[in-house]
1. Would you please give the FRET efficiency between residue 49 and residue 77, computed as 1/(1 + (r/R0)^6) with r the Cβ-Cβ distance and R0 = 30 Å, to the nearest 0.05?
2. Please compute the Cα-Cα pair-distance distribution of region 93-141 with 5 Å bins starting at 0, giving whole percents from short to long.
3. Measuring from label point to label point, each 7 Å out along Cα→Cβ, what is the residue 90 to residue 41 span in nm?
4. Using alpha carbon centroids, what distance separates region 80-131 and region 10-46, in Å?
5. Give the Cα extents of region 1-148 along the principal axes, in whole Å, largest first.
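Throughout, read-outs are computed from the coordinates displayed, never taken from laboratory work. As the structure is a computational prediction, the values presented were derived from the model and not from experiment. Using ideal geometry, Cβ is built from the backbone for each residue, glycine included, and neighbour counts are taken over all protein chains shown.
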């Protein structure tokens with residue numbers, strides 16, 4: 001049986017391919033932020049279902065989240081977003097930081113909010129595999145997002161019961177799929193590695209577990 005060797009590509013070929021995929025990732029990120037903005041507006045009614053007087057407490061945080069997404073959508077139109085995979089990764093990490101902090105603070109204002117609504121934090125994670133070019137980028141965003149959310153919960157006074165609730169939602173049924181695809185930052189991946197082209201798969205295969 002012949003040995004299998006990963007295909008090596010010239011750096012400029014890898015760079016060109018990464019930039020091509022970035023042209024797709026930026027609009028997907030913009031779509032995700034638009035949906036997030038709409039969700040933060042619409043779920044204001046959910047606040048009222050948990051507590052008729054909640055809106056006075058949650059509205060400032062929801063307004064901040066709407067502004068956060070609006071700024072993110074505007075920044076995504078900058079030309080540099082389409083020319084720097086590394087910058088796009090930092091940008092999406094920053095965006096998810098904002099979501100983790102603001103959404104957690106909203107839940108802290110609601111009775112039983114951490115138990116009833118923490119699944120919403122997981123929902124936003126389904127966009128990450130679709131707009132990152134490889135396992136390393138996806139891991140950077142998701143791990144940072146998780147850590148910031150947990151830290152904010154701790155500072156907001158989450159109980160020992162609510163942490164397992166968050167953990168079970170996080171490790172429960174979520175869409176994951178960043179095993180293959182573009183490698184970290186400006187390179188492409190092959191053979192489970194970061195740095196070369198393999199499979200030419202722009203979007204990682206997603207599976208629901």
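1. With R0 = 30 Å, the Cβ-Cβ based efficiency is 0.25.
2. Reading the bins upward from 0: 4, 20, 26, 20, 14, 10, 5, 1.
3. Modelled inter-label distance: 3.1 nm.
4. 13 Å
5. 67, 40, 19
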